[in-house]
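Working notes for the structure below.
No value in this document is a laboratory result; all are computed from the given coordinates. Since the structure is predicted, the reported quantities are computational estimates derived from the model, not experimental observations. A quick note on method: Cβ atoms are made from the backbone with ideal geometry, for glycine too, and the neighbour counts reach across all protein chains shown.
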Amino acid sequence: MAELIEPLSQVVFVEDYFQLVFQDQRLSVFGQALLSTGGVDVGLGEPGFYDALVQLIGQQADVISASSPVVLALAFQGGTRLQVIDNGASPEAFALHDENGRIIVGRSA
């Protein structure tokens, strides 16, 4: 998977998914998502999720190892973790459009 080199610069909410923009890289998340910060977990669609996601703007993220059902995990420099979980609702859990025009897709099981 491509490294996320630039800090998060934009969060875009689209009907039933969201995108995280890291300058020239765009991560589209189609699966269920969970934010964990300070021992508190907030799931996609729960109160506070979108606000917490926007608060990550300006932070860098590293891709960290994940195990099923988590198909992608990011650790932001402020300590927040984002996990993309395979919920089986979409054939793709996420898609990363990198700075070279490549698309990396995380498939659901």
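Only helices enter this figure: runs of n ≥ 4 DSSP H residues, each worth -39500 (n - 2.57), summed and divided by the residues of the chain, yield -1000 deg cm²/dmol at 222 nm to the nearest 500.
What the Cβ-Cβ distance of Val105 and Ser36 gives, at R0 = 25 Å and to the nearest 0.05, is a FRET efficiency of 0.55. Remark: C-alpha extents of segment 1-108 on the principal axes read 35, 31, 28 Å, sorted largest to smallest. Shown in residue order for segment 71-77 are the 3J(HN,Hα) couplings computed by the Karplus curve 6.51 cos²θ - 1.76 cosθ + 1.60 at θ = phi - 60°: 9, 7, 9, 10, 10, 8, 4 Hz (x for Gly and Pro). Using 0.36 nm per residue and subtracting the Cα-Cα separation, the extra length available between Ser68 and Glu6 on full extension is 19.6 nm.
Around the amide H of Gln59, modelled in the peptide plane, lie the amide H atoms of Leu8, all under 5 Å away and 5 or more residues distant in sequence or on another chain. Mean separation of Cα pairs under 8 Å and 6 or more residues apart, divided by the residue count, gives segment 59-109 a relative contact order of 26 percent.
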